[in-house]
Amino acid sequence: MSFPNWVYHASALGTIGLGSLLLRDYLSGKVFQGEELLMGKTAIVTGANSGIGKETAKDFAKRGAKVIMACRDLEKCATAQEDIIQETHNQRVVCKRLDLASLKSIQEFADSVKKEEKFLDILVNNAGVMHCPYQKTEDGFEYHLGVNYLGPVYLTMSLLDLMIKSAPSRIINVSSVVHQAGHINFKDFNSDEGYHLTLAYNQSKLAILMFTKELAKQLQGTKLTVNALHPGICDTEIGRHLKWNNTASEVLSFPLRSIFLRNSYRGAQTSIFLAVSPEVEKVSGKYFSDCKEKKVTSEQFLNDEDCKRLWLMTLKMIKLI
């Protein structure tokens, strides 16, 4: 029995379409299925006005937590806050200004939290930048280094006492798989002598991973844990400086991006897993992806002396020692 050509064409297109959907689902990673509630808990999510941060904050709100959305742009934060409250019916979602490119702003934010909150159970260092043109923060730090690393470190250290008092509590640092290509340039850590946006970004993501490992050692015996993660390669606002982010490139690249890049919901899953799952309640100093612990092969991460050296250099740069 023969069929018209259009039947074969339709069948082929259907197969391709179904295959694309299955490939997308596979590449999009695991969805955390845990139903744990966060009633009575307080969580901070940086960069919570969009993307992975907004999805993380929304999930925490659904679970009943008080969620502090820490954002640089309060207008965008207020819009996201309204969306989250409408969807979750949780009124305990608040906006606070936090600019990770400013140590002064970070200190003001931390002081406000410590004044208003008796406990802090979860801190998700989610906000970040990628492939920025060369610029420095108001404190003179290369922008990737300041926003992706030194800012989150300063925020974490400023809230450490409150989180230890609140233990069991958890710190979650969003790193990236690109840490594997990262290298800590101890001789020019701040890119004063030379700058390459990819190298600077990769270095910042390796640095937050090494900080996670060293902080876990410092926190032994406190019941405050700290872990890092790769969220997957996601199609979010962090990619605004990439070359595809113009109208023509967006249109041409959309089919590939829709298949191979994760959406924000999928990108938030490992952050949520690390924040709420009983499975990792006592796990600290580790690196995760797709809700599973992953081995880190970076020589500098595995070198305890390099991690300690970075720790001390970092604390000096942000004037904590």
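State whether one or more residues within segment 61-69 are touching a strand residue (DSSP E or B) at 6+ places or on another chain (Cβ under 9 Å), over 26 Å from H230 (Cβ atoms) and either touching a residue at least 24 places away in the same chain (Cβ under 8 Å) or not charged (D, E, K, R) (or both).
The answer is yes, given that some residue of segment 61-69 is touching a strand residue (DSSP E or B) at 6+ places or on another chain (Cβ under 9 Å), over 26 Å from H230 (Cβ atoms) and either touching a residue at least 24 places away in the same chain (Cβ under 8 Å) or not charged (D, E, K, R) (or both).
Within segment 98-107, count every residue that is out of contact with any Gly (no Cβ under 7 Å at 6 or more places or on another chain) and surrounded by 15 or more Cβ atoms within 10 Å (Cβ to Cβ).
5
Quickly run through segment 161-219 and pick out the residues that are among the acidic types (D, E) and farther than 14 Å from S298 by Cβ.
Within segment 161-219, D161, D188, D192, E193 meet the criteria.
Please name all residue pairs, on different chains or six or more residues apart, with Cβ atoms under 7 Å, provided the first residue is in segment 184-196 and is within 20 Å of M210 (Cβ to Cβ) and the second residue is polar (S, T, N, Q) and surrounded by 11 or more Cβ atoms within 10 Å (Cβ to Cβ).
Correct list of pairs: I184/Q203; I184/Q300; N185/Q203.
Against the condition aliphatic (A, V, I, L, M) and touching a residue at least 60 places away in the same chain (Cβ under 8 Å), how does L74 come out, does it pass?
Spelling it out, it is not the case that L74 is aliphatic (A, V, I, L, M) and touching a residue at least 60 places away in the same chain (Cβ under 8 Å).
Test Y154 against the stated conditions and say whether it is part of a helix (DSSP H, G or I), under 25 Å from C234 (Cβ atoms) and of a type in the set (F, W, Y).
So Y154 fails the test.
Going by what's in this entry, would T212 be described as at pLDDT 95 or above, of a type in the set (V, I, T), over 27 Å from L120 (Cβ atoms) and out of contact with any helix residue (DSSP H, G or I) (no Cβ under 7 Å at 6 or more places or on another chain)? Explain how you work it out, then say what you get.
Details: at pLDDT 95 or above: yes; of a type in the set (V, I, T): yes; over 27 Å from L120 (Cβ atoms): no; out of contact with any helix residue (DSSP H, G or I) (no Cβ under 7 Å at 6 or more places or on another chain): yes.
Taking the combined requirement at face value, the residue does not satisfy it.
Only residues that are of a type in the set (K, R) and buried (at least 18 other Cβ atoms within 10 Å of the Cβ): list them for segment 276-303, please.
To start, the set of residues in segment 276-303 that are of a type in the set (K, R) comprises 282, 286, 292, 294-295.
Passing the criteria: only K286.
Looking at segment 155-170 only, could you name the residues that are under 22 Å from N202 (Cβ atoms) and surrounded by 24 or more Cβ atoms within 10 Å (Cβ to Cβ)?
The first filter runs over segment 155-170 and keeps only residues under 22 Å from N202 (Cβ atoms), leaving 155-156.
L155, the sole residue that qualifies.
Please verify whether N185 is modelled with pLDDT of 95 or more, polar (S, T, N, Q) and not in a helix (DSSP H, G or I), treating the condition exactly as stated.
On the way: modelled with pLDDT of 95 or more: yes; polar (S, T, N, Q): yes; not in a helix (DSSP H, G or I): yes.
Here the answer is yes, as N185 does meet what is asked.
For segment 171-203, give me each residue that is closer than 19 Å to N227 by Cβ and crowded, with 24+ Cβ neighbours inside 10 Å. So that I can check it myself, show each step before the final result.
Keep residues of segment 171-203 that are closer than 19 Å to N227 by Cβ, which gives 171-180, 182.
Hits for segment 171-203 are I171, I172, N173, V174, S175, S176, H179, G182.
For Q86, work out the one condition from (1) touching a Cys at 6+ places or on another chain (Cβ under 7 Å); (2) free of Cβ contacts under 8 Å to residues at least 12 places away in the same chain; (3) polar (S, T, N, Q) it doesn't fulfil.
Result: Q86 fails condition (1) only.
From the set of residues in segment 31-44 that are touching a Lys or Arg at 6+ places or on another chain (Cβ under 8 Å) and among the β-branched types (V, I, T), which is farthest from A65 (Cα to Cα)?
Among them, the one singled out is V31.
List pairs: first in segment 126-142 and under 30 Å from Q269 (Cβ atoms), second of a type in the set (S, T, N, Q), Cβ under 6 Å, 6+ apart or cross-chain?
N126/T46; A127/T46; G128/N148
Yes or no: segment 220-238 includes at least one residue that is assigned to a helix (DSSP H, G or I), farther than 16 Å from T46 by Cβ and out of contact with any Ser or Thr (no Cβ under 8 Å at 6 or more places or on another chain). Reasoning before the result, please.
From segment 220-238, those assigned to a helix (DSSP H, G or I) are 237-238; that's our starting set.
This time we only want the ones that are farther than 16 Å from T46 by Cβ, so: none.
Scanning segment 220-238 turns up no residue that is assigned to a helix (DSSP H, G or I), farther than 16 Å from T46 by Cβ and out of contact with any Ser or Thr (no Cβ under 8 Å at 6 or more places or on another chain).
Scan segment 30-58 and report the pairs whose first residue is in contact (Cβ under 8 Å) with a residue 60 or more places away in the chain and under 14 Å from R170 (Cβ atoms) and whose second residue is assigned to a strand (DSSP E or B) and among the basic types (K, R), with Cβ atoms within less than 8 Å and a gap of 6+ or a chain change.
As it stands, the answer is K41/K66; T42/K66; A43/K66, since those pairs meet every condition given.
From (1) modelled with pLDDT of 95 or more; (2) over 21 Å from the mean Cα position of the chain (by Cα), pick out the condition that doesn't hold for A248.
It is condition (1) that A248 fails.
The values are calculated or read from the model by the stated rules, or taken from the named source; none is laboratory data. Remember, predicted model here, so these are calculated numbers, not experimental data. Because the Cβ atoms are built from the backbone with ideal geometry, glycine has one as well, and the counts that use them run over all protein chains shown.
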